[in-house]
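Read through the structure below, which is laid out as structure tokens, and then see the notes.
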Amino acid sequence: MKKIGVMLSGCGVFDGAEIHEATLTLLAINKQGAQAVCMAPDMMFDVVDHFNQKPAGEQRNVLVESARIARGDILNTKDLNTSDIDALILPGGFGAAKNLSNFAVKGADATVHPEVQRILDEMIASKKPIGAICIAPATVAKALGQYQVKVTIGNDTDTAQAIEGTGAKHIQCPVHDICIDDVNNIITTPAYMLGPGIKDVAVGIDKLVTEVIQRA
């Protein structure tokens, strides 16, 4: 059975992993007959109140919050050996650009969490497929821009320009489709960067997961 790493970044669209995108990813992996291996970095983050979308004035732990989505079955990224997975997928949500990297704040000048960088470096070095959803391709672009990777976040001009500032190439893509970088084995889809709803997002995520698993 193929093992597909799923890198989470918390729990909730405004400060962690986008729950719809993460759940749709896990569902698609299961439907394809593969096994999801969830992971997240052990780090603190600033909480956003998802009711009023304002800072909550508290901090939580990315790994602990991600465990909610993974139903407790989750690894600390530092404990992941990439030889144990066949592919990697990063769901979106602002945590993918605030916790896995600080792209949301620094743009092209961002830094990537060291364990996230290690995992992405090892995956591309071993030519294993990487999938990224919504804003997560921005973190992949920053981590792997030296490879001139091709990614999509849909059609947001400012974010696309920041991505290209990393050395990556941005490709416009509709929500129901995927962007494939054959050279670097990277597959991306816009998801909630475009929306408008869960059924629309699901189409692109299903295509991404199918492509990633076929390449694994």
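Derivation of every value follows stated rules applied to the coordinates shown; laboratory data play no part. Because the structure is a prediction, the values reported are computed rather than measured. In this analysis, Cβ positions are derived from the backbone assuming ideal geometry, glycine residues included, and neighbour counts consider all displayed protein chains.
List of remarks:
- With N as its number of residues, the stretch 1-130 has a Cα radius of gyration that, divided by 2.2 N^0.38 Å, comes to 1.01.
- Between amide H atoms placed 1.01 Å from N, distances below 5 Å from D42 occur with T77, K78, all of them 5 or more places distant or on a separate chain.
- Rounded to the nearest 20 debye, the dipole magnitude of the chain is 340 debye, with +1 charges on Lys and Arg beta carbons, -1 on Asp and Glu beta carbons, and the Cα centre as origin.
- Candidates A125, G12, N99 compared by Cα position along the dipole of the chain: farthest toward the positive end lies A125, with charges placed on Cβ.
- Neighbour-count order for D86, D158, fewest beta carbons within 10 angstrom listed first: D158, D86
- Pairs of Lys residues in the stretch 16-158, spaced 8 or more positions apart or belonging to different chains, with C-alpha separations under 23 angstrom: 17 in total.
- Per-residue ³J(HN,Hα) for the stretch 158-170, Karplus 6.51 cos²θ - 1.76 cosθ + 1.60, θ = phi - 60°, Hz, x for Gly and Pro: 5, 5, 4, 5, 5, 4, 5, x, 7, x, 7, 10, 9
- Relative contact order (percent, whole number), the stretch 3-215, Cα cutoff 8 Å, 6+ residue spacing: 20 percent
- With a Förster radius of 30 Å applied to the C-beta separation of R118 and K2, the computed FRET efficiency comes to 0.85.
- Packing-based exposure ordering (other Cβ within 10 Å, fewest first) of K54, K150: K54, K150
- The residues S9, S101, S83, S66, when put in order of fewest to most other Cβ atoms within 10 Å, stand as S83, S101, S66, S9.
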